[in-house]
Amino acid sequence: MKKKIVDAAHLEQKTQIEKVMNGMTFTKNFRSATAEEWYVFLPGYEDPRTGGAAGKAMIHYNLYGNRDVFTRSP
């Protein structure tokens with residue numbers, strides 16, 4: 001028996017989500033040979049404490065080619 005998926009989001013919510021997704025931007029900075037940082041910017045939002053990006057991710061690579069991802073809020 002197939003279960004039906006019900007979309008409970010209102011049109012206003014869908015429009016707002018689409019606006020944010022279309023306006024989302026990213027920047028990437030190389031911190032070293034084994035680390036980089038990514039910043040996420042959302043339209044109409046800035047971090048209240050720093051006035052900057054909505055989110056930040058730090059990615060550290062080890063010498064064997066694997067990577068560990070550490071995230072934190074600004």
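The values are calculated or read from the model by the stated rules, or taken from the named source; none is laboratory data. From a predicted model like this one, the values you see are computed outputs, not experimental measurements. In this analysis, Cβ positions are derived from the backbone assuming ideal geometry, glycine residues included, and neighbour counts consider all displayed protein chains. Protein only, heavy atoms only, side chains kept; ligands, DNA and RNA dropped before computing areas. Shrake-Rupley method; radii C 1.70, N 1.55, O 1.52, S 1.80 Å.
Taking the criterion of being surrounded by 10 or more Cβ atoms within 10 Å (Cβ to Cβ) and among the β-branched types (Val, Ile, Thr), the residues of region 1-23 that qualify are 15, 17, 20. Just need a number here: residues in region 1-40 that are closer than 29 Å to residue 56 by Cβ and of a type outside the set (Phe, Trp, Tyr). Counting residues in region 1-40 that are closer than 29 Å to residue 56 by Cβ and of a type outside the set (Phe, Trp, Tyr) gives 25.
Of the residues making up region 24-49, those that are open to solvent by less than 80 Å² (accessible area, probe 1.4 Å) and either in a strand (DSSP E or B) or in contact with a Leu (Cβ under 8 Å, 6 or more places away or on another chain) (or both) are 24, 25, 27, 29, 32, 34, 35, 36, 37, 39, 40, 41.
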